[in-house]
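Here's the structure, in structure tokens; my notes come after.
The values are calculated or read from the model by the stated rules, or taken from the named source; none is laboratory data. Because the structure is a prediction, the values reported are computed rather than measured. Heads up, the Cβs are rebuilt from the backbone with ideal geometry, glycines too, and the neighbour counts pull from every protein chain shown. Note: accessible area is taken over every heavy atom of the protein model, side chains too, but ligands, DNA and RNA are not part of it. Shrake-Rupley method; radii C 1.70, N 1.55, O 1.52, S 1.80 Å.
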Amino acid sequence: MGYFPVYLDLRGRRCVVIGDDDEAQMKAGSLVEAGAVVTVISPEQRPRFTEMAERGDITLHSRSYQPGDLADAFLAISATTHDRPLSEQIREEAEREKCLLNVVDITDLCTWIYPALVRRGDATVAISTNGRSPAMASFLRREIDAALPEGYGMLLDVLADVREELRRDGKRPPSRLWQNALNDGETKAMIDSDNAAALREHIVALLTEEDGG
């Protein structure tokens, strides 16, 4: 398998992004969305970084990487593919600091790789080719994105709400009933209706039918 697939809780953790290209800007935004405490080291001034800094989303240093930038960092992303010696220097510091490092497009310097993502609300599908073919990862992302209904985000919200309510009532439907509810033809038809209330009522009925509601 090569890499172990995992989702990380980055809330409140210091993460560093080094670089100023589109990849660096996109990934800094993703880290902010994940709740990380983000520091950006950007040799060139970029309007997006400036706006994020002004909002207080990131701490911005408009300069090149310096030794010590990864001190106390939990995770880092380095968009320095154009400069292999610099990337290797960053990797050496990451090793010393026990910092998880992704160097964009230089797999052998990475301790983790950034997957291609398909999102439907909080439902996330991560796709990896173990760094062997970013083109294949992008292709799979497009294929999966086209196959997953947009309503899956709403479906997840409904399922989470129903699960919480049933647990408060001391009810724990077996996995079989949850799977039956998801495979139910009417459930699938209602996903695209944008009627969360009706979908919720239908799922509750399917989950509680064995105990008479």
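Summary table below
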{"quantity": "Carbon/sulfur fraction of accessible area - region 10-124, other protein chains in place, 1.4 Å, %", "calculated": "45 percent"}
{"quantity": "Between region 15-64 and region 86-107, the alpha-carbon center distance in angstrom", "calculated": "18 Å"}
{"quantity": "Cα gyration tensor shape for region 40-88, rounded if a/c is under 1.5, else prolate or oblate", "calculated": "oblate"}
{"quantity": "Kirkwood-Stokes translational diffusion coefficient of region 92-213, alpha-carbon pairs, 25 °C, 0.890 mPa s, µm²/s", "calculated": "142 µm²/s"}
{"quantity": "Whole-Hz ³J(HN,Hα) from phi, Karplus 6.51 cos²θ - 1.76 cosθ + 1.60, for region 151-156, glycine and proline x", "calculated": "x, 5, x, 5, 4, 4"}
{"quantity": "Of all DSSP beta bridges in region 57-213, antiparallel share, percent nearest 5", "calculated": "55 percent"}
{"quantity": "Candidate lysines - alpha carbon under 28 Å from Lys171, same-chain residues fewer than 8 apart omitted", "calculated": "Lys188"}
{"quantity": "Accessible area (Å², per residue) of the chain, counting only protein heavy atoms and a probe of 1.4 Å", "calculated": "59 Å²"}
{"quantity": "Mean ellipticity per residue at 222 nm, deg cm²/dmol - from DSSP H runs of n ≥ 4 across the chain, formula -39500 (n - 2.57)", "calculated": "-13500 deg cm²/dmol"}
{"quantity": "Carbon/sulfur fraction of accessible area - region 141-188, other protein chains in place, 1.4 Å, %", "calculated": "45 percent"}
{"quantity": "Interchain or long-range residues, amide H under 5 Å from Thr59's placed H", "calculated": "Val38, Thr39, Val40"}
{"quantity": "Three-way shape call for region 73-151 based on the alpha-carbon gyration tensor, with the a/c threshold at 1.5", "calculated": "prolate"}
{"quantity": "Cα centre as origin, Lys/Arg/Asp/Glu Cβ charges: the chain dipole, Debye", "calculated": "400 debye"}
